[in-house]
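Before any comments, here is the structure.
The values are calculated or read from the model by the stated rules, or taken from the named source; none is laboratory data. Note that the structure is a prediction, hence the values are computed from the model and not measured. We place every Cβ from the backbone using ideal geometry, glycine too, and count neighbours over all the protein chains shown. Ligands, DNA and RNA are excluded from the accessible area calculation, which covers all protein heavy atoms including side chains. Shrake-Rupley method; radii C 1.70, N 1.55, O 1.52, S 1.80 Å.
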Amino acid sequence: GQPLTLERAEVVHLIDQVTANKKDLHLPLIQSQDMQVMAMAVEREVPMETHSDMSQLLVVIEGTALLTVKATQTERGEDMRCLPVSHHMQAGDAYLIPRRTPHQIQNTSEDGQILRMFTVYSPPNHKE
């Protein structure tokens with residue numbers, strides 16, 4: 001296929017078009033047999049969630065976020081403890097969340113700005 005090249009403003013516009021300026025939603029942009037790219041518009045937060053069968057790459061396009069992940073330490077295959085780790089993210093930042101990793105995204109943008117992101121799931125099993 002052809003490479004997809006977009007400037008930040010184009011991605012923000014595309015996310016706005018796909019989400020129709022709705023809040024707290026993510027919708028498909030691109031899908032192949034190996035991955036799924038979704039637009040995200042977050043007003044407040046995405047509650048703690050875990051994807052058991054896919055990894056997720058988060059990319060902030062506009063706004064700021066606090067990403068909390070619970071990094072699991074294991075011994076002999078048993079969960080020993082979950083350590084919450086927080087990461088401040090801003091436009092241009094990306095974070096890879098391995099499958100089976102609990103995570104939460106909070107919009108920390110000022111003045112009620114919607115957090116705009118895109119996310120890539122692999123394999124492409126995420127439901128809207």
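Points to keep in mind about this one:
- Total residues in region 1-52 satisfying the condition of being open to solvent by less than 40 Å² (accessible area, probe 1.4 Å), at pLDDT below 70 and polar (S, T, N, Q): the figure is 1.
- Any chance Thr74 is out of contact with any His (no Cβ under 9 Å at 6 or more places or on another chain), of a type in the set (Val, Ile, Thr) and at pLDDT below 75: yes
- Any hit, region 119-126, residues being of a type in the set (Gly, Ala, Ser), part of a strand (DSSP E or B) and at pLDDT 90 or above: yes
- Within region 94-114, considering residues that are part of a loop (DSSP other than H, G, I, E, B) and open to solvent by 50 Å² or more (accessible area, probe 1.4 Å), the one farthest from Met54 (Cα to Cα): Asp111
- Cβ pairs under 7 Å, 6+ apart, first in region 78-106 and acidic (Asp, Glu), second open to solvent by less than 70 Å² (accessible area, probe 1.4 Å) and at pLDDT below 90: Asp79/Thr72
- Scanning region 53-68 for residues that are open to solvent by 10 Å² or more (accessible area, probe 1.4 Å), modelled with pLDDT of 90 or more and assigned to a strand (DSSP E or B) returns Ser55, Leu57, Val59, Thr64, Leu66, Thr68.
- Pairs linking a residue in region 34-52 that is within 18 Å of Thr101 (Cβ to Cβ) and part of a loop (DSSP other than H, G, I, E, B) to a residue that is open to solvent by 50 Å² or more (accessible area, probe 1.4 Å) and of a type in the set (S, T, N, Q), with Cβ atoms under 6 Å and 6 or more positions apart or on different chains, are Met35/Ser122.
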